[in-house]
Protein chains: 2
Amino acid sequence: MKIAIVGGTGKEGRGLALRWARAGHEVSVGSRDAERAREKAAELSGLGFGKVTGGGNAEVAAAAEVVLLSIPYGAHTETLKELRDALQGKIVIDITVPVVPPKVTQVQLPAGQSAALEAQEILGPGVRLVAGLHHISSAHLADPEHALESDALVCGDDAAARETVIGLVGQLGLRGLDAGVLRNAIALESLTPVLLHMNKKYKGHAGVKIVGLGS
Amino acid sequence: MKIAIVGGTGKEGRGLALRWARAGHEVSVGSRDAERAREKAAELSGLGFGKVTGGGNAEVAAAAEVVLLSIPYGAHTETLKELRDALQGKIVIDITVPVVPPKVTQVQLPAGQSAALEAQEILGPGVRLVAGLHHISSAHLADPEHALESDALVCGDDAAARETVIGLVGQLGLRGLDAGVLRNAIALESLTPVLLHMNKKYKGHAGVKIVGLGS
């Protein structure tokens, strides 16, 4: 599958790109600075997990079937407005957590209650938005050999898109679980400050595992 | 410790009362109908886990050091207003999840963003409110021999009250974890509809376990 990672030159993008390239996907990393993205792509390709290409955010998004947004909440609205046209017709995975520094260990709901709901509002009904991967340590993800213990809770209003993304997160080495409709992103996003509080209190990289499911 | 369970004649109250009585606490179950509470208390005492007493909600609340609210969200505001005086000076544990039937598998934030924040607003600063136990299956809890796999995430603005409650949930047979300030109840409460969605989708009694914490 052709997967683009918008804002893909950071730590989160590294892990996602390497793990999906290893699974056989055609992965592109995007950046505002296309040249920087191409350099990062060459570096990632050189690690031997599979070929990764790079380019401007709109360019990589337009060429992909699935686009993952790896951008800070502060740049969320602006980036989505810029990419609105390039994203039409695609499955978009939003992993954004609306934390507002410095109080990152306290839930602070955004105006639209969740970043994912705000994204769907900006992008319109032509985009199948799926939210997930809010609780995965980017440090653990970035090391392609690190076994991931957390589950990836995935929500969205389009059940088929949700299933596609659950399959894709499985190929990252995570158990993907169906978390229901897009507005359930309120729960998923707001759990991250709680995990950040626990990281501080108990030390570590807190993640979430769902127990008690039937087989 | 003297623990009162307001609305304690239901399934949730049964498990809490039996498990805390077994741990040596003086447990009272309350109801709007004092006679019904006394009958339920006699029944629970007869099971041999320890003595449980019963009475009207205000009566058991006033006599306790820690009061747990086990009431449906529909009766939350009214009950808190009635018990406001009886609860002053106490640690109050609010386990309420603001689900609004029939859409119980979708996050629906209440007007005050969380039931616990609404409770603190009604009860005022003289009550140390702690929220928790939103993700524990009442069926599993009700059987005192059932080993509980889920963690209990506990939040509140008073750190000492939070620690007391973390200790108390430990005596129920759960690992209690510090989930930070009271407004983090937004995350804890809203995760329950997600778990209810998973129960439906995957069958089972979904619970949450936090992984990756330091020792």
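Of all residues in the stretch A:113-122, those being assigned to a helix (DSSP H, G or I) and closer than 13 Å to A:VAL181 by Cβ number 3.
For B:VAL208, indicate whether it is more than 8 Å from chain A (Cβ to nearest Cβ), under 28 Å from A:GLN113 (Cβ atoms) and buried (at least 18 other Cβ atoms within 10 Å of the Cβ). No; evaluated as a whole, the condition is false for this residue. Residues that are among the hydrophobic types (A, V, I, L, M, F, W, C), farther than 26 Å from A:ALA160 by Cα and facing another protein chain (nearest Cβ under 7 Å) within the stretch A:179-205 comprise A:VAL194, A:MET198, listed in sequence order.
When A:ALA160, A:ALA142, A:ALA152 are checked against the criterion of being farther than 18 Å from A:ALA61 by Cβ and over 14 Å from the mean Cα position of the chain (by Cα), A:ALA160 stands alone in meeting it. The set of residues from the stretch B:166-191 being crowded, with 24+ Cβ neighbours inside 10 Å and more than 28 Å from B:GLN106 (Cα to Cα) comprises just one member, B:LEU168. Filtered by the rule that a residue be farther than 20 Å from A:ILE93 by Cα and within 12 Å of chain B (Cβ to nearest Cβ), the stretch A:136-157 gives A:HIS146, A:ALA147, A:GLU149. Of the strands (runs of 3 or more DSSP E) lying entirely inside the stretch B:1-88, the ones with 2 or more residues being under 30 Å from B:PRO193 (Cα atoms) are found at B:2-6, B:26-31, B:66-69. Residues in the stretch B:123-135 that are assigned to a loop (DSSP other than H, G, I, E, B), closer than 16 Å to B:GLY156 by Cα and open to solvent by less than 40 Å² (accessible area, probe 1.4 Å): B:GLY124, B:GLY126, B:VAL127, B:GLY132, B:LEU133, B:HIS134. Of the residues that make up the stretch B:102-122, is at least one open to solvent by less than 10 Å² (accessible area, probe 1.4 Å), of a type in the set (S, T, N, Q), at pLDDT 95 or above and over 15 Å from the mean Cα position of the chain (by Cα)? No, the stretch B:102-122 contains no residue that is open to solvent by less than 10 Å² (accessible area, probe 1.4 Å), of a type in the set (S, T, N, Q), at pLDDT 95 or above and over 15 Å from the mean Cα position of the chain (by Cα).
The values are calculated or read from the model by the stated rules, or taken from the named source; none is laboratory data. Everything numeric here is computed off the predicted structure, so don't read it as measured data. Please note: Cβ atoms are built from the backbone with ideal geometry, for glycine as well, and neighbour counts cover all protein chains shown. To get the accessible areas, we keep the full protein, side chains included, count just its heavy atoms, and leave off ligands, DNA and RNA. Shrake-Rupley method; radii C 1.70, N 1.55, O 1.52, S 1.80 Å.
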